[in-house]
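The values are calculated or read from the model by the stated rules, or taken from the named source; none is laboratory data. These figures come from a predicted structure and were not determined experimentally. Cβ sites come from the backbone with ideal geometry, for glycine too, and all protein chains shown count toward neighbours.
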Amino acid sequence: MNELLGSITKDELNLLPVETFTGHIEVVETPEDFDRVLELLNKEEVIGFDTETKPVFTKGKRNKVALLQIATSTTCYLIRLNRIGFPAGLTDFFNNDVLKVGLSIKDDFLMLRGRDHALEPRSFVELQSFVKDYGIADNSLQKIYAILFGKKLSKAQRLSNWEAEELSHGQQAYAALDAIACRRIYLDLKQFYPFKALEIPQKEAPIIVE
């Protein structure tokens, strides 16, 4: 490890300006739209992803993943799994060689596995492990992003209803930023800190999601 990028305290984080979303979002709510989007995603080299689930306030109850966010260089696709289910093409996508960057991805895939037991994801980057090679000790997406870009990601929408009839502009921006942040963190570290530019294998062993 050549250089320590460090960590950030909660107080330091709170002083930072909030990141705003200015990119393009596409909400995917039908199987036909998903099939079209999937053709585009399969041509990508690196995507960022995240999931959202309607919060539960009753002990012992769990909801399925409602929203899957996939960010490319131009667009963040918000795939409403509560509307379209879990298409077979999505399983193939997570099992293919497109590099997928996320945070706490084992938890995400455990939740997604509840929708499709054929899911055996590969070609992934777990940011919590990846950033440690750059001297970043913090594990949260919000803190990692703040260390690199000097802005904080708002968490105001985290506990909102992700199964709502329509996602609000605030929900869409929040969800898109988390996926975009994952991709941006990975690419930024690879580009601007070449001393730790790791060779990420394109064919990883499957994540254990039992």
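General observations
- Within the stretch 69-90, at least one residue is surrounded by 12 or more Cβ atoms within 10 Å (Cβ to Cβ), part of a helix (DSSP H, G or I) and of a type in the set (S, T, N, Q).
- Residue that is farthest from residue 159 (Cα to Cα), among those in the stretch 43-62 that are without any contact (Cβ under 8 Å) to a residue 60 or more places away in the chain and of a type outside the set (Val, Ile, Thr): 43
- Test: residue in the stretch 39-59 that is among the charged types (D, E, K, R), out of contact with any helix residue (DSSP H, G or I) (no Cβ under 7 Å at 6 or more places or on another chain), within 25 Å of residue 121 (Cα to Cα) and surrounded by 13 or more Cβ atoms within 10 Å (Cβ to Cβ): yes
- Only one of 148, 167, 141 that is over 14 Å from the mean Cα position of the chain (by Cα), modelled with pLDDT of 95 or more and either over 21 Å from residue 53 (Cβ atoms) or surrounded by 21 or more Cβ atoms within 10 Å (Cβ to Cβ) (or both): 167
- Within the stretch 30-37, the presence of a residue that is surrounded by 13 or more Cβ atoms within 10 Å (Cβ to Cβ), more than 25 Å from residue 171 (Cα to Cα) and either in contact with a strand residue (DSSP E or B) (Cβ under 9 Å, 6 or more places away or on another chain) or among the β-branched types (Val, Ile, Thr) (or both) is excluded.
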